[in-house]
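**Q** Submitted below is the structure of interest, expressed as structure tokens.
The values are calculated or read from the model by the stated rules, or taken from the named source; none is laboratory data. Keep in mind that this is a model prediction, so the values were computed, not measured. Virtual Cβ from ideal backbone geometry, glycine too; neighbours counted across all protein chains shown.
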Amino acid sequence: MTAGAVELPGAAAVRGQVTVVLDGFLERKANAAAKLGMPAEVTECLRDFLAAGGKRLRPLLCVSGWQAAGGHGIPEGLIRTAASLEMFHAFCLIHDDIMDHSGSRRGAPTVHHRLARHHAPGRTVTAARHLGVSGAILVGDLALAWSDELLHTAGLTPSQLAAVLPLIHDMRSEVMYGQYLDVTAAGRPSADVERALRIVRYKTAKYTVERPLHIGAALAGAPLAVREALSAYALPVGEAFQLRDDLLGVFGAPEVTGKPSLDDLREGKHTVLVALALQRADAGRRSVLRTLLGAPCLDDAGGDRIRELLTATGARDAVEEMIGTLRAQALCALETAPFPPHATARLRKLADAATARAS
């Protein structure tokens, strides 16, 4: 298994099936747009974004939830529902890149940068950038609308759709509140670890792990006991996943993560890593961190200085320890979970892959 991959039994097949659904859906959208004379770059941007190496973690978890609830096989309705989650994820990432002023993701230009370049000829740099951001917002909005269309055309039974829709609504609200908490905390370094953990739970843990598992389980008619057991596993895994992401965002190699290593530092993200460093630093180190974190023009030397302090204060090691504790908590929850053995084994492997990844 390569570092960073979420490789589970049958994972490649699930990814392949989800990709087929997404490709077919976007091809139909592109053909419909062409008949109306609409710009081809809209669907092209979204297609390329979805194809640029995503882990398909949420679809994999949706299928895992189905299996944990005793679902058999991998029916088409399950795959199409899983694909709708990946389309919703695209919406989240496209808008997230705009809010974070990110230039690249997965080793390729972000959608707003790609559209700015596409429309640059004959425009000023400022006008092209504005158009790129505006266009990317609209492409993200389409991904949100199309995720809903994918769900409602998945061929689910009325009872399945009734069980899934409240979870979808909750997931969307949770991640947007989490994102709001994130952007309003950025640029104001704080030692408030609890606030940082609240952002982690709503921006990532529930949306990335808990809700996809719940949605797959709901399709299989899961009882409350299964849902509760999934939550006991999912929330610590999701929190550990985001803590790993925060470490990779600062200490990861851009050629591996596909994202610049200064973005989070320039934004002054209120992460557990930063909060712990501010909490543990002496007055001098705290002053340096507050000066450098959130500086829009932060250079490589400034980034290296921040990394030195995050390490010297013990914050980096403390986050690694938290990841290990959360992973152990999730694995402990699986010991008494009422899941079939093959589903338990799959979730155990997923916890390892999601928390020990390199990208």
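**Q** Go through the stretch 96-119 and report how many residues are part of a helix (DSSP H, G or I) and either touching a His at 6+ places or on another chain (Cβ under 7 Å) or surrounded by fewer than 18 Cβ atoms within 10 Å (Cβ to Cβ) (or both).
**A** Of the residues in the stretch 96-119, 5 are part of a helix (DSSP H, G or I) and either touching a His at 6+ places or on another chain (Cβ under 7 Å) or surrounded by fewer than 18 Cβ atoms within 10 Å (Cβ to Cβ) (or both).
**Q** For G132, only one of the following conditions fails: (1) surrounded by fewer than 19 Cβ atoms within 10 Å (Cβ to Cβ); (2) free of Cβ contacts under 8 Å to residues at least 40 places away in the same chain. What is its number?
**A** (1)
**Q** Which one is surrounded by the most Cβ atoms within 10 Å (Cβ to Cβ) among residues in the stretch 160-190 that are farther than 16 Å from D246 by Cα and among the acidic types (D, E)?
**A** My answer is E174.
**Q** Taking the stated definitions as given, is A162 assigned to a helix (DSSP H, G or I), farther than 21 Å from E27 by Cα and at pLDDT below 95?
**A** On the way: assigned to a helix (DSSP H, G or I): yes; farther than 21 Å from E27 by Cα: yes; at pLDDT below 95: no.
So A162 does not fit the description; no.
Residue-by-condition table, conditions (1) touching a residue at least 40 places away in the same chain (Cβ under 8 Å); (2) part of a helix (DSSP H, G or I); (3) closer than 16 Å to Y207 by Cα; (4) within 17 Å of the chain's Cα centre (by Cα):
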{"residue": "L85", "(1), (2), (3), (4)": "yes, yes, yes, yes"}
{"residue": "P121", "(1), (2), (3), (4)": "no, no, no, no"}
{"residue": "A154", "(1), (2), (3), (4)": "yes, no, no, no"}
{"residue": "R172", "(1), (2), (3), (4)": "yes, yes, yes, yes"}
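**Q** Out of V256, V237, report the one residue that is crowded, with 21+ Cβ neighbours inside 10 Å, among the β-branched types (V, I, T) and assigned to a helix (DSSP H, G or I).
**A** Within the list V256, V237, the selection yields V237.
**Q** Which residue pairs have Cβ atoms closer than 6 Å, lie 6 or more positions apart in sequence or on different chains, and pair a first residue in the stretch 326-350 that is free of Cβ contacts under 8 Å to residues at least 24 places away in the same chain with a second residue that is part of a loop (DSSP other than H, G, I, E, B)?
**A** Close Cβ pairs (under 6 Å, with a partner that is part of a loop (DSSP other than H, G, I, E, B)) do not exist here.
**Q** Can you tell me which residues in the stretch 157-177 are closer than 18 Å to L219 by Cβ and either of a type in the set (V, I, T) or touching a strand residue (DSSP E or B) at 6+ places or on another chain (Cβ under 8 Å) (or both)?
**A** Selection gives T157, V164, I168.
Here's the yes/no breakdown for (1) more than 30 Å from A295 (Cα to Cα); (2) in contact (Cβ under 8 Å) with a residue 40 or more places away in the chain; (3) buried (at least 20 other Cβ atoms within 10 Å of the Cβ):
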residue	(1), (2), (3)
D192	no, yes, no
R198	no, no, no
K203	no, no, yes
K206	yes, no, yes
V209	yes, yes, yes
H214	yes, yes, yes
A220	yes, yes, no
L224	yes, no, no
S231	yes, no, no
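**Q** Scanning for something without any contact (Cβ under 8 Å) to a residue 60 or more places away in the chain and part of a helix (DSSP H, G or I), does the stretch 48-62 turn up at least one residue?
**A** There is at least one residue in the stretch 48-62 that is without any contact (Cβ under 8 Å) to a residue 60 or more places away in the chain and part of a helix (DSSP H, G or I).
**Q** Given (1) buried (at least 16 other Cβ atoms within 10 Å of the Cβ); (2) touching a Pro at 6+ places or on another chain (Cβ under 9 Å), where does G303 come up short, assuming only one miss?
**A** Going through (1) buried (at least 16 other Cβ atoms within 10 Å of the Cβ); (2) touching a Pro at 6+ places or on another chain (Cβ under 9 Å) one by one, G303 breaks only (2).
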